[in-house]
1. Here is a list: B:298, B:265, B:306. Which entry is part of a loop (DSSP other than H, G, I, E, B), β-branched (Val, Ile, Thr) and within 30 Å of residue A:19 (Cβ to Cβ)?
2. For residues in the range B:65-88 being crowded, with 19+ Cβ neighbours inside 10 Å and of a type in the set (S, T, N, Q), which is nearest to the chain's Cα centre (by Cα)?
3. Let me confirm something: among A:32, A:38, A:27, which residue is within 22 Å of residue B:261 (Cβ to Cβ) and hydrophobic (A, V, I, L, M, F, W, C)?
4. Please tell me if residue B:315 is free of Cβ contacts under 8 Å to residues at least 40 places away in the same chain, in a helix (DSSP H, G or I) and within 19 Å of the chain's Cα centre (by Cα).
5. For the range B:62-88, give me each residue that is in a strand (DSSP E or B), free of Cβ contacts under 8 Å to residues at least 60 places away in the same chain and more than 14 Å from chain A (Cβ to nearest Cβ).
6. Residues in the range B:180-189: is at least one closer than 24 Å to residue B:298 by Cα and either of a type in the set (A, V, I, L, M) or buried (at least 23 other Cβ atoms within 10 Å of the Cβ) (or both)?
7. Among B:292, B:331, which is within 16 Å of residue B:250 (Cβ to Cβ) and in a helix (DSSP H, G or I)?
8. Return yes when residue B:101 is surrounded by fewer than 16 Cβ atoms within 10 Å (Cβ to Cβ) and more than 30 Å from residue B:432 (Cα to Cα) and no when it is not.
Amino acid sequence: MNDTTRGERGEAREELRRDRRREYLLIPQAVIALVIVIAIVWVREVFFV
Amino acid sequence: MDVFWDVLYNVLVIVLLVFVATGAVPVITAAVHFVIVPMHAFFNHYGKAEPYFPRVAIMVPAWNEATVISATIERLLALEYPRESLRIYVIDDASTDDTPAIVSGWEAREPGRVFLLRREQGGQGKAHTLNHGIRVVLGDDWAEAVLIMDADVIFTPSSLAKMTRHLSDPKVGAVSAYIAEGSRDRNYMTRFIAIEYVLAQLASRRAQNVLGAHACLAGGAQLHSRANLEAIGGAIPTGTLAEDTVATFESQLHGRRMVFEPHAVVLAEEPGTIDALWKQRLRWARGNVQVSSIYRKVWFRPGHGVHHLGSIAFGASWFSIFLLPFAMILSSIGLVGLLLLQSDLAELVFRALWVTAAVTYIFSMLIGVQLDGRIGRSSWREAFLFPGLVSFVVMIAALFPGLIEETLPSMFGLQLTPVGHTLLTLFIYLWISLAMLGAWLARVIEKTRAGRFFSPFLTYLVGYGPLLCAITVDSYIKEWRKADAVWIKTEKTGRVLG
């Protein structure tokens, strides 16, 4: 392996942390999708069945 | 005698119900996959990844790439990666244009960084071309990792470093990036492909990360550790039309983990017409038919070996895509048969099937458009018309009973006659199969003058999903007839975003 500078490694480590944190966005995204789906099913059950 | 007919009738009803249930299998599999996607927040490989900059040999297979190769080399040299740890090998597959001359120029300007490897006899396919380069690279001990790519894709500056960090874990054999549709001149087809890539990569491959089994690491951005390449024989397996899928399977069968890195973005130019898409996907689909057969002893054998390719979830996912056209046709036959025997039961199972499909589709598309903001903003129409306008209306009809067939016509003073109602029901039940015929028709008329307008219109009407299914049917036929398996390269013009 090559000799990367401490700065480069520090930046890479910070980017890794950032990308790892960005994965937590999947949770609210799924919640938004789920809420919309539940709302549609609720409309169906209340007004159409 | 009556008892015999009763039994026969009941058996027939059960068989038809099974047919309809076949259509539910891919829907449920997709639903499970999309429920798994958010779990990637907790079950991912980031915890075991470290900043890591191995010496990487980049393999660029090139055949008549004069329009794109210079820009590709320039961008690779500009990657945010230690300069001394990067070498670019352009493997020229006996090009007849200026590709070798252009690469020679770069070789002279960047000695020790850019290399031209020339094959005098080409046309055998990408795997053969790559192997020519891999043999050279593995011939000395410089390279610690090998990146396989396509000549026309653009690696965003940080993408390679985001991929290599996973190789710090010796259990990882290969890493793939997110190949995003990146054509400069977008049209309806590239927008459909863009949303397909979001669903198939950003969503599905995250789920595969969680499940621990990968179907295919994209051939346009496949980073292997040297140890992994050597373990699978020091070459990309040849003999199929899906060399990237076979390499992915072989790596896992040799006990190494595959990782999809969603934040490493690679832009690619994709087909802008149905015909070009058909040719590209026919090659992929035929490759998948071959892979299904080659690994027949792997499927649905959980706990066998050091990999998860035999898990039920992975097998269900693979065959749900592979056999989707069969499922759609069987489902139509089941619904029409039940309509003739027991129309009430037919309606009940139709609603159960289509409501499940609608809920899954809405959930998956809502996740999909959020995963990549750029694609979500530009392709949200294609996301919601992915199954086609007609299927979209059928889903609304299934979700909201009476809305389409009664409420809406009554607003215009119209009412369906009993015959009209039966014909409409028959059409709806048959639609998922008819849609594939519509997709085939869209390709047929595309080259006509009227086709320039009607082909996109028909594609929106029947849907992009059924278009892919029609191509899969074509692949079954071509494989069954043992049609020539020529490796036809997808035509590229260098219109990817700079």
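The values are calculated or read from the model by the stated rules, or taken from the named source; none is laboratory data. Since the structure is predicted, the reported quantities are computational estimates derived from the model, not experimental observations. Every residue, glycine as well, gets a Cβ built from its backbone with ideal geometry; the counts of neighbours run over all protein chains shown.
1. On the way: B:298 fails: within 30 Å of residue A:19 (Cβ to Cβ); B:265 fails: part of a loop (DSSP other than H, G, I, E, B).
Unique residue meeting the criteria: B:306.
2. By that ranking, first place goes to B:72.
3. Working: A:32 fails: within 22 Å of residue B:261 (Cβ to Cβ); A:38 fails: within 22 Å of residue B:261 (Cβ to Cβ).
When all the criteria are applied, what remains is A:27.
4. Working: free of Cβ contacts under 8 Å to residues at least 40 places away in the same chain: yes; in a helix (DSSP H, G or I): yes; within 19 Å of the chain's Cα centre (by Cα): yes.
Considered against the rule, which asks whether it is free of Cβ contacts under 8 Å to residues at least 40 places away in the same chain, in a helix (DSSP H, G or I) and within 19 Å of the chain's Cα centre (by Cα), residue B:315 comes out as yes.
5. B:88
6. The initial filter retains those residues of the range B:180-189 that are closer than 24 Å to residue B:298 by Cα, namely none.
Within the range B:180-189 (the criterion being closer than 24 Å to residue B:298 by Cα and either of a type in the set (A, V, I, L, M) or buried (at least 23 other Cβ atoms within 10 Å of the Cβ) (or both)), the answer is no, since none of the residues qualifies.
7. On the way: B:331 fails: within 16 Å of residue B:250 (Cβ to Cβ).
From the options B:292, B:331, the qualifying one is B:292.
8. Details: surrounded by fewer than 16 Cβ atoms within 10 Å (Cβ to Cβ): yes; more than 30 Å from residue B:432 (Cα to Cα): yes.
Spelling it out, residue B:101 is indeed surrounded by fewer than 16 Cβ atoms within 10 Å (Cβ to Cβ) and more than 30 Å from residue B:432 (Cα to Cα).
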